[in-house]
Each structure stands twice: as structure tokens, then as C-alpha cells.
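Just below is one structure, and these are the notes that go with it.
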Amino acid sequence: MSPDLLNVLEVILNGLMAGIMYSLVALGFVLIYKASGIFNYAQGVMALFAALTLVGFQTGQIPFAHVINAALGTHLDTWGPGLPTLLAIILTMGVMVLFAYVLERFVLRHMVNQAPIILFMTTIGLAYFMEGFGDLMWGADVKTMDVGLPSGGSTWLESITAGWAAEGSNYRGMYIDVLDLWAAGVAIVLVITLTLFSQYTKTGRALRAVADDHQAALTVGISLRTIWIIVWSIAGFVALVAGIMWGAKSGVQFSLSLIALKALPVLILGGFTSIPGAIVGGLIIGVGEKLFEYFIGGMIGGATENWFAYVLALFFLMFRPQGLFGERIIERV
Amino acid sequence: MAESTQDGRKIGGTLLEVKNISLSFGGVKALTDISFDIKEGEIRAIIGPNGAGKSSMLNVISGFYHPQQGEVWFRGQKRGSMRPYEVARQGIARTFQNIALFKGMSTLDNLMTGRITQMHTNLFWQAIWKGPAEREEIAHRERVEHIIDFLGIQAIRKTPVGRLPYGLQKRVELGRALAAEAKLLLLDEPMAGMNLEEKEDMCRFILDVNDEFGTTIALIEHDMGVVMDLSDRVVVLDYGRKLADGTPAEVRSDPEVIKAYLGGAHA
């Protein structure tokens, strides 16, 4: 193979990896949208909050330390050396479940039967609340996330692909970040687990039932409130996974919540109601923006990755507004 | 207490009783001072012209509407204000006039979801899947297959119900209600929009369910022939009031009923 072709392959591969990271965030949106028709603007902030909490537990920070310090003039900082990673992850998951419960009890319960736009506005409020709350609780400084995942270039892939180029060229193999490979693996496991759970368990069926028809779900004895707590907990879990991956990749900082915006074009491509759609949409966006940058970016000054996804989404809105896998919108006049 | 009908079925004591139910939506009175009872093991019909309040009555019993006045007694206990899912968990299953199935799910999944009140393993075991959750799934799957067999819908087990013709959807909905193994089955116009053959099938299912499982059934139906054949007792509503209550023969000869509803053409 010629080095040029190999370069394109490398770009595609890296695009797939980036796409999986987008899919991880989009997945959380789809779960909540399917079950309750709520577009959860706070999904990105949930990922940030989960990441902050995880780092907080890992490093043994005292929650609200600087609020307490400012109020009482104390000098609290950490309570100890911190928790082992696995324990910290389990505790963080506990916090996300608690969050889902509190959210249902004090917010969503009072919003039943409101118009979708009202619910959307609620989640915008929620996003700002969580961002501020995360700030108060764990501080606003940029934190590094270390959950023991390897990172850096994969020498394994590099050595395999180095031999693929034609004799005599100075091709040195493909570069891919090991962390991205891990993220891909985790995302695949996550999606398979969620799919199996929703297909073959009682609660999974209840989740699909609620997503399908609220009235019918009530009739067979499903409590919508319980289901909403479960759905938001699962979305919290997905947010935690996304938070770990993004946090490990680019540090835990408040701009993490902006990745939610990158999930929007993914959702427009894949459709708001489809889990496979979120995956495929993420991959298309990831590969699309990398290829566009590689072939055309150079001609128009680069940095096309910032806007390419949105332009692609715009085209989709014009020709297929329900997305690749979404439910067809049929309006009768 | 137990008395037998002509065909030898056992009719027991009172299973459900509604007392002086009044329901209004703003200024519109849907139900006014309605009282009647449903006895264990019987087939009870609720009839009346359009807008008589039949569906409202069913919605009160199944917890979708909350009456301003009156009481609902189920199995000898006065019921507080309940949500539909709590009513379902008490053992009252229902179907809807305009079908409320999970359209994207298969027939099998619809029926399995109908059994949700019977399944008790917790989230932890479900997530593990092996062990209690798996055993429970298999046990309930057996019961569901039995119902599928009973209704003769083996051929559509894996078909998403949204793709099925209307008559079959009605049958699946009945199946889902049966899967709950409820004490009381509420059927809202189980034969509406069906052809003669489908109606005959549905009649047979209703009688068989009542006979085989001893399930108490309350149904709303417009087809007078069906109502008079199927039911042990009939309550007649008109403009939200109770007009008559009794055996089909009694109701049929009630002058009030004839005047308001049956007329010459229907009887």
C-alpha cells in the first residue's frame, strides 16, 4: 500500500476513535429522550459533575472545602490520601443515583404533563445549577483524572502497520492513542450491556414499555416515577463513563460541559430516539470531520473540526430531519 | 354465599363495589351517584348509549380518574385515591377502547411486560442475570407461552405488535391483561371494530377465561347480542346516571331502558 492510502486509513481510524467519544455523550441524551421525551441539556454537565466527584473522592478532597473555609476562616483541604479508584467509581455512581432520586422528587415530579419546551428549559436551569454546585463542592481548578488507564501512542499498532507500506518508503506506522482504544472498548461493552439489559430483564422491558406508551405502562403496573429514577441513574452512569474518558483525555475542567454541544449534531444525524443511531452518528461525525480536515482543511485555513459537525447536521436537517434511525415524523394536515 | 349459574359456574361474594360515585370535569357531569357491585366469578356488563359514562366508570375503577364523591371497595377494603399502577398491582387489569399496547415491542415482550406485577427479583440480580432473575424469567415465560397458546397467537410471537392487524392487536391486549393474572379484568369494548368471525373468537376467549381461570370480568360493549349472551348481570348507564341493574332478561324488559337505549331496533 502506498503511504498516502495508509495516511487516509489512519485518519479514518482516529476519526472513529473521536466519534466514539461523541457517541458516549450522545448515548446519555438518547436514553433520557426515549424514556421521557425530555431533551436533557444537562447531560454534558452531568459528565463534568461525575468526573469532578470521582476526582474528589480519589484525591480525598473535602466537599465544599473552600465554602467552609470562606465562611469559618478554617483551612480545610483534604481529609486523607483519598480512595482507591474502584471504590471512588462506585461511590460516584452512588452520588449519581442519589442525584437522579433528588431530581425526580423535587423537580421532575412537578413538571409532569408540561410542554417539551418547558422541560427543556428546566434542564438548562439544571445544567447551570449543577455547574455551580460542582464548582462549590469541588472547586473550579482544572484537575487531572488518573484512573489507571494507559495513554500515549500505541506501539503495537505502529509496529504492525509499519510493514504495510511499499518497500523503500519511510513510512513509520500509524499513530493511535491507547486511551482512545480503551475508550472504544469501554463504549462497546457499555452499549452491549445496555442492549442486553433492556432486552432481557424485567426492568429493561419496563424501560422500553415506558418509552413506548406511558398510559399502557401505567396499566400493567409500572410506576413512571421509579422508571424515571432508573433512567436518570443510567444516564448518570453513562455520564460518569463519558466523564472518565473525556477527563482522562483532556483533564477535568469546566469546558467539559461543552462537549454536550458536540453531541447535538450527532443526535441530529442519528435520530434522538435511537441508541444505534447515537453510535453511528458519532462515528460519522468523527470520521467526517477528520477526513474533511485532512483533505480540505488545509485549503481553507484549517481548524474545520470546530464547525464541520454543525454544517453536516444542517444538511441532515434539510433532507432527513428525523435522522438516520429516528422515528419518522408524519404530520397529518 | 356462593351461588351457581345455569351452566354450573360459581359466583362468589362481592369482589368490587362502587358506592355513590360522582365525577365531573369542570361543569360537565360525567357520572352522578353511581353504585353497583361486581361479584367474584361473574361476567358483568356495563352498557349505555355514547357518552353515558361507561368508559369514565372504568377509568375510575382503574385509577385514571379520581371521582369527586363516592367510594370504591375492592376485596372488602375501601380504596384510597390510587394511581393506575397501584391499582394494577392490587390485581385489576384492563384493556382500552383504542388499544394501548407497546407498539414497538413484540407480542411476547408485551405479554412479559404484562406480568411485571408478578415479578420480584431486584435490580441487582437482574443486572447479574444468572441465578434468581434467570429462573424467574423462565418461570414467567412458561406462563406467557401458555397464554399465547390459549389465544392461538403463536404465529405472531416475535412480531412487533404495531404491525399487526386491528383484530390481533385487540387479542394481544387481552393477552397482556391475562398475563397479569388479575382478580378483575376490565375490558373496554373488546369487540369494537371487529368482524363477525373475530367477535365470535373474542366471545369464546372471554367465556373461556372466565370459565378456566375463574377470572371476574367487567366489560363495556355496544353489541347487544354479545352483551345479552355473555353477561350474568348488566348495569345500564345513561347521561351519567344508573338506569337499571340486573340480569340480561330483567334489563331487556325494563321500560326505562327500552325507552332510553334499546328501542325496538336493537332488541
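The values are calculated or read from the model by the stated rules, or taken from the named source; none is laboratory data. Keep in mind the model is a prediction, meaning the values are calculated, not measured. Don't worry about glycine lacking a Cβ; one is built from the backbone with ideal geometry, like all the others, and counts go over all protein chains shown.
Tally up the residues in the stretch A:173-229 that are part of a loop (DSSP other than H, G, I, E, B) and either more than 7 Å from every other protein chain (Cβ to nearest Cβ) or not acidic (D, E) (or both), please.
Looking only at that region, the number is 9.
Could you check how many residues of the stretch B:186-211 are on the phi > 0 side of the Ramachandran plot and surrounded by 18 or more Cβ atoms within 10 Å (Cβ to Cβ)?
Number satisfying all stated conditions: 1.
Note down all Cβ pairs under 6 Å where the first residue falls in the stretch A:208-223 and is surrounded by 22 or more Cβ atoms within 10 Å (Cβ to Cβ), the second is of a type in the set (S, T, N, Q), and they're at least six residues apart or on different chains.
Listed by first residue and then by second, the contacts come to A:A209/B:T113; A:V220/B:T113; A:G221/B:T117.
State all residues of the stretch B:151-161 that are free of Cβ contacts under 8 Å to residues at least 60 places away in the same chain and assigned to a helix (DSSP H, G or I); if no residue qualifies, say none.
Passing the criteria: B:L151, B:Q154, B:A155, B:I156.
Just give me the residues in the stretch A:22-59 being aliphatic (A, V, I, L, M) and over 19 Å from A:P116 (Cβ atoms), in sequence order.
A:L24, A:V25, A:L27, A:V45, A:M46, A:A47, A:L48, A:A50, A:A51, A:L52, A:L54, A:V55
For the stretch A:130-177, how many residues meet the condition of being out of contact with any helix residue (DSSP H, G or I) (no Cβ under 8 Å at 6 or more places or on another chain) and modelled with pLDDT of 90 or more?
The qualifying residues number 1.
Does A:M93 count as at pLDDT below 95 and either surrounded by 12 or more Cβ atoms within 10 Å (Cβ to Cβ) or among the acidic types (D, E) (or both)?
When the stated conditions are applied, A:M93 does not pass them.
Between residues in the stretch B:250-267 that are over 17 Å from B:G225 (Cβ atoms) and residues that are at pLDDT 80 or above and exposed (fewer than 12 other Cβ atoms within 10 Å of the Cβ), which pairs lie under 8 Å by C-beta distance while being six or more apart or on different chains?
Once the first residue is over 17 Å from B:G225 (Cβ atoms) and sits in the stretch B:250-267, no partner that is at pLDDT 80 or above and exposed (fewer than 12 other Cβ atoms within 10 Å of the Cβ) comes close enough.
Among helices (runs of 4 or more DSSP H) lying entirely in the stretch B:49-121, which contain 1 or more residues that are among the acidic types (D, E), within 14 Å of another protein chain (Cβ to nearest Cβ) and crowded, with 22+ Cβ neighbours inside 10 Å?
Fully inside the stretch B:49-121 and qualifying: B:107-114.
Please enumerate the residues belonging to the stretch A:129-172 that are touching a residue at least 60 places away in the same chain (Cβ under 8 Å) and in a helix (DSSP H, G or I).
Correct list: A:M130, A:E131, A:F133, A:G134, A:D135, A:L136, A:M137, A:W138, A:T161.
Could you identify the single residue in B:T14, B:T32 that is within 17 Å of B:I92 (Cα to Cα) and polar (S, T, N, Q)?
Unique residue meeting the criteria: B:T14.
Is it fair to say B:H140 is in a helix (DSSP H, G or I), more than 9 Å from chain A (Cβ to nearest Cβ) and without any contact (Cβ under 8 Å) to a residue 40 or more places away in the chain?
Criteria not met by B:H140.
What residue, of B:A192, B:A260, is assigned to a helix (DSSP H, G or I) and either more than 24 Å from B:E40 (Cα to Cα) or at pLDDT 85 or above (or both)?
None of the other options fit; the residue is B:A260.
So for the stretch A:256-269 (the condition being surrounded by fewer than 21 Cβ atoms within 10 Å (Cβ to Cβ) and either within 13 Å of another protein chain (Cβ to nearest Cβ) or not in a helix (DSSP H, G or I) (or both)), does at least one residue qualify?
no
Restricting to the stretch A:1-43, count the residues that are of a type in the set (S, T, Y) and without any contact (Cβ under 8 Å) to a residue 40 or more places away in the chain.
0
Could you figure out which of (1) under 24 Å from A:P84 (Cα atoms); (2) surrounded by fewer than 17 Cβ atoms within 10 Å (Cβ to Cβ) isn't true of A:I244?
Checking A:I244 against (1) under 24 Å from A:P84 (Cα atoms); (2) surrounded by fewer than 17 Cβ atoms within 10 Å (Cβ to Cβ), the one that fails is (2).
Given A:I32, A:I12, A:I38, A:I20, which one is out of contact with any strand residue (DSSP E or B) (no Cβ under 6 Å at 6 or more places or on another chain) and not in a helix (DSSP H, G or I)?
A:I38
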